[in-house]
Amino acid sequence: MTVSAQPKTSHYINGQYVDDTSGEEFKTLYPATSETVATIHAATPAIVDQAIASAKVAQKAWAATPNVERGRILIKAAEIVRRRNDEIARIETLDTGKAIQETLVVDANSAADNLEYFGQVAATLINEQIPIDGNCFAYTLREPLGVVAGIGAWNYPIQVASWKAAPSLALGNALVFKPSEMTPLSALILAECLTEAGLPDGVFNVIQGMGPVGAQMTTHKDVDKVTLTGSIPTGAKVMASAAESLKHVTLELGGKSPLIIFDDADLDNAVSGAILANFYSTGQVCSNGTRVFVQNGIREAFTSRLVERTKAIKLGDPLAPDTQMGPMISKRQFDIVNNYIDKGKEEGATLLTGGGSPSLQGFEQGHYIEPTIFDNVTDDMTIAREEIFGPVLSLFNFDNEASVIERANDTEFGLAAGVFTKDIAKGHRVIAQLQAGTTWINNFNLTPVGVPFGGFKMSGIGRENSRHALDYYSQVKSVYVEMGGVDAPY
Ligand code: NAD
C-alpha cells in the first residue's frame, strides 16, 4: 500500500500551486510506519513576501464584495470540503497518524461546519445605530483588519486552518496560512476547495515551513493580525514579535485541564467523559482533561470501570476502520510522552494500566504508546503540572467541593474544564468557579461551531468559533452624525 500523498507543489499563492525549490526540503512521515508521505520545500523569504503581497492586493476587492456573496462562497466551500471528506480523512490520517475512524467523522466535518457557519454569519452581519439626541446619532461599521497571518498546530490540521480562515474571510480579510511542518497537506486541499467555490485568487494562501517562516510572518509590515494555534512558548514568541508593530493577536495554546467527577455522577457517562477527555487523537488534544479528580465515594467503581474500558482500546493500523487509537505523531512526541511516563513512575504515581510502547506487526517503525492511567497522583508531581500531549490520564482523589475547585485552578493554564454531577445546582456552581475558557457539564471535548472556544490565563487570548470570533477578526469604526448646528466655544 502506498502512503504517498505528494501535492503538486509546496505552496498555494494567488489561486495557484507554486514552489521555490531553493527552500529547505523537509518530509512529512506517516507516523505508523515512518514512510515518507510527501516532500515539501519551506518558503523562502521571497515566497513569504509573494504570499503576503498577493493577500494584500486581493483583500481590498474581497472586502468590497457584498457580505451575502462572501457568505455564499464560504458555504459552497463547505459543500466541497464535505464532498472530499474521505480524501481529506485519509490525508489527515497519513499526516497525523490519527485513526481513520476519527478523521472520517471529525476533521473535514469540523472544517466544513466552520465555513458554513461563518458563511451564514457573513450574510447576516449588521451594525449598530446608537441614538444620541434629536439632532445627532451614531452608528458602527465592522471593518476587516486586512491581511491575517495564520499559523497552525499539527493535531487537527484542516480544522485549525478552517477555524482561522472562515471568520477571517467572512469579514473581508485575506489570509496567509502556514500549517505545522508536521502536517503540511490538508491546508492545500482547503485552498483548492475555496478556489473551486469561487474565492478570488489571493484571498487564501498557504505557505509551508518551520518556525522561522512563522516568525517572518509575525514581523511582516503588511500583516495586520497574527492568529496562532500552538504551544505556550511559541505563543509568547509570536506575541512578542507581533508587539513590535502592534499587530492584533489571537493565541490558542496548551492546557492541563481539570475534569471533576462527583460521587453523584452517572458512572458510565463519567467514565466515557474521562476517556473522551484523554484518549481521543492519541491524547494529542489541547483541551484534554488530563487531571481527573474523583470524589472518594465513587472512586473505586469509577477507577475499575475506567481501567477496564481503557484496556479494551484497540491500537493498530490507523487506516483500518476498527482501529481506535493510532501512534503518536512523531518520534519526538513519542519520546516526550515516554519521559513523562517515566517521571510519573519515578515520582511515585501508581501505574494502573498502559505505559508501554508496543511494537505492532507491520508497524514496527510506528510511535505507539498504550493508553496510560496513573493513580494516586499528587498536585505537585510533574505529570500533574505540565502538558503531556499524549494518552496519559492522571487520577486525583478528593472529598470536598471547595478544595477540589482550589486544586483544579492551581495551574498556569486555563483552556478547559469539566464537571460530572447529577446535581444541576452543583454543576453550575462549580463551573462558575473554574478558571477556564471552555467548559462542559456532564460531557467533555465537544466543540460545536456555535460555541466560543478559547483559553483563560496562559492558555490563550481571543476566541474561535461562534459570533465571538468576529471581534477578533475585525475592528469597529464608530461614526457620529450631526444633523444640527455645531456649537463651538471659541
Ligand atoms: P508549536 O508551538 O511547536 O508549533 C505551532 C506552530 O508554530 C507551527 O506551525 C510552528 O512551525 C510555528 N512556530 C514555531 N516557532 C515559531 C515562531 N517563533 N514564530 C512563529 N511561528 C512559530 O506547537 P505544536 O507542537 O505544533 O502543537 C502542539 C501545541 O499546540 C500544544 O501545546 C497544544 O496544546 C497546542 N494546541 C492548542 C490548541 C487550541 O486551540 N488551544 C489546539 C491544538 C493544539
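Bear in mind that the values in this text are calculations on the coordinates, not laboratory data. Values in this document were obtained by computation on a predicted structure and should not be read as measured data. Cβ sites come from the backbone with ideal geometry, for glycine too, and all protein chains shown count toward neighbours.
The residue that is surrounded by the most Cβ atoms within 10 Å (Cβ to Cβ), among those in the stretch 215-255 that are more than 9 Å from the ligand (Cβ to nearest atom) and within 19 Å of the chain's Cα centre (by Cα), is Thr227. Among residues of the stretch 174-185 that are without any contact (Cβ under 8 Å) to a residue 12 or more places away in the chain, none has a Cβ under 8 angstrom from a residue that is crowded, with 24+ Cβ neighbours inside 10 Å at a sequence gap of 6+ or on a separate chain.
Among the conditions (1) farther than 25 Å from Ile100 by Cβ; (2) small (Gly, Ala, Ser); (3) in contact with a strand residue (DSSP E or B) (Cβ under 6 Å, 6 or more places away or on another chain), the only one that Ala38 does not satisfy is (1).
Of all residue pairs spaced 6 or more apart or on separate chains, those with beta-carbon atoms under 7 Å, a first member in the stretch 229-256 that is under 16 Å from Val148 (Cβ atoms) and part of a strand (DSSP E or B) and a second member that is more than 9 Å from the ligand (Cβ to nearest atom) and among the aromatic types (Phe, Trp, Tyr) are Thr250/Tyr472.
Going by the structure shown, is Ile341 crowded, with 23+ Cβ neighbours inside 10 Å, part of a helix (DSSP H, G or I), in contact (Cβ under 8 Å) with a residue 40 or more places away in the chain and among the hydrophobic types (A, V, I, L, M, F, W, C)? Even if it seems obvious, please write down each step before you answer.
Working: crowded, with 23+ Cβ neighbours inside 10 Å: yes; part of a helix (DSSP H, G or I): yes; in contact (Cβ under 8 Å) with a residue 40 or more places away in the chain: yes; among the hydrophobic types (A, V, I, L, M, F, W, C): yes.
Yes: the conditions hold for Ile341.
Scanning the stretch 456-481 for residues that are more than 16 Å from the ligand (Cβ to nearest atom), in contact (Cβ under 8 Å) with a residue 12 or more places away in the chain and not hydroxyl-bearing (Ser, Thr, Tyr) turns up Arg467, Leu470, Gln475, Val476, Lys477, Val479, Val481. If I ask for residues that are within 11 Å of the ligand (Cβ to nearest atom) and either part of a strand (DSSP E or B) or more than 15 Å from the chain's Cα centre (by Cα) (or both), which ones from the stretch 435-455 would you list? Thr438, Phe453 - these are the residues of the stretch 435-455 that are within 11 Å of the ligand (Cβ to nearest atom) and either part of a strand (DSSP E or B) or more than 15 Å from the chain's Cα centre (by Cα) (or both).
Where helices (runs of 4 or more DSSP H) fall wholly inside the stretch 76-162, the ranges with 2 or more residues that are in contact (Cβ under 8 Å) with a residue 24 or more places away in the chain, closer than 21 Å to Ala174 by Cα and aliphatic (A, V, I, L, M) are 107-123.
Being in a loop (DSSP other than H, G, I, E, B) and within 16 Å of the ligand (Cβ to nearest atom): is that true of Gly484 here? So Gly484 fails the test.
The residues in the stretch 24-75 that are assigned to a helix (DSSP H, G or I), crowded, with 20+ Cβ neighbours inside 10 Å and hydrophobic (A, V, I, L, M, F, W, C) can be counted, and the count is 9. When restricted to residues that are farther than 20 Å from Glu196 by Cβ and surrounded by 15 or more Cβ atoms within 10 Å (Cβ to Cβ), the stretch 11-23 contains 3. Scanning the stretch 98-125 for residues that are in contact with a strand residue (DSSP E or B) (Cβ under 9 Å, 6 or more places away or on another chain) and surrounded by fewer than 19 Cβ atoms within 10 Å (Cβ to Cβ) gives a single hit, Leu125. Taken over the stretch 372-428, the criterion of being over 22 Å from the mean Cα position of the chain (by Cα) and in a loop (DSSP other than H, G, I, E, B) is satisfied by Asn376, Val377, Thr378, Asp379, Asp380, Met381, Asp399, Asn400, Asp410, Thr421, Lys422, Asp423. Applying the criterion of being buried (at least 18 other Cβ atoms within 10 Å of the Cβ) and not small (Gly, Ala, Ser) to the residues of the stretch 325-338, the residue that is farthest from the ligand (Cβ to nearest atom) is Met325. Any residue in the stretch 345-365 that's on the phi < 0 side of the Ramachandran plot and surrounded by 14 or more Cβ atoms within 10 Å (Cβ to Cβ): show its pairings with residues that are among the aliphatic types (A, V, I, L, M) and in a loop (DSSP other than H, G, I, E, B) at Cβ separation under 7 Å, as long as the two are six or more apart or on different chains. Taking only residues 6 or more apart or on different chains, the pairs are Glu347/Met381; Ala349/Val377; Ala349/Met381; Ser357/Ile369; Phe363/Ala32.
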